[in-house]
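Asks: Below is one structure. I have some questions about it.
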Amino acid sequence: MPSAQIDTFVGTLSVTETEGAITGLSWGAQGQDRTALLDRAIDQLRAYFALELQSFDLPLHIAGSAFQQAVCAAMLAIPLGETRTYGDISKALKVPPQPVGNACGANPIPVIIPCHRVLGATGLGGFSGGTGIETKIALLKHEGAASLLI
């Protein structure tokens, strides 16, 4: 699978492409392949981190169940600078909050699919990327959602 990387203030991110769709984003260097889609993804990530991009426009493929895909779609609908709770998403999908939290934690394309914008009812909730909660806070501050953290 081709992958490309970008250095950001939350660490080195590697984006993976499979059959014409972005299928993964992870922390750490994994390769520096060049494809039109990976170049586009890196350009959009660069623009996001420069505060020049409100939402990503990339073909995505989420490997997983219909439920995982529904949770990812709900996260993609959260605008930059806004947050939702696991409970908000669970109500919209008519499921308990815990499976929503598990699906958020299993998000294969964090940052692009903004699982960092999903919070617990009484706190930040979790984050499995980068350095965990510190990375989640950094992304929320970057997006102007810092007032939500107080």
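Taken together, the values in this text are just the output of simple stated rules run on the coordinates, not laboratory data. Not measured: the values here are computed from a predicted model.
Asks: Along each principal axis of its Cα atoms, how long is segment 31-113 end to end? Whole angstroms, biggest number first, please.
Replies: 41, 27, 17
Asks: If you build a Gaussian network model of the chain, linking Cα atoms that sit under 10 Å apart, which residue out of Gly105, Gly24, Gly132 swings the most?
Replies: It is Gly132.
Asks: Quote to one decimal, in nm, the extra length available between Gln69 and Glu82 on full extension: 0.36 nm per residue of separation minus the C-alpha distance between them. Mind dumping the intermediate values first?
Replies: Values: separation 13, 0.36 × 13 = 4.68 nm, distance 2.06 nm.
Full extension of this stretch gives 2.6 nm more.
Asks: Still on this structure, I have one more. Quick check: the angle from helix 36-49's long axis to the longest principal axis of the chain, C-alpha only, nearest 10 degrees?
Replies: For helix 36-49, the angle is close to 50 degrees.
Asks: Once you've got the GNM for the chain with C-alpha springs shorter than 10 Å, pick whichever of Gln69, Gln44, Gln98 has the biggest mean-square fluctuation.
Replies: Gln98
Asks: For the chain, what is the relative contact order in percent, using Cα pairs closer than 8 Å and at least 6 residues apart in sequence? Could you put the intermediate results ahead of the total?
Replies: Working: 235 pairs, mean separation 30.4, N = 150.
Here the relative contact order equals 20 percent.
Asks: What is the helix-to-structure angle for 133-142, meaning the angle in degrees between its Cα long axis and the longest Cα principal axis of the chain, kept from 0 to 90 and rounded to the nearest 10?
Replies: 80
Asks: Kirkwood hydrodynamic radius, segment 72-150, all distinct C-alpha pairs: what's the number in Å? Mind showing how you got there, number by number?
Replies: On the way: mean 1/r = 0.0814 Å⁻¹.
Roughly 12.3 Å, rounded to one decimal.
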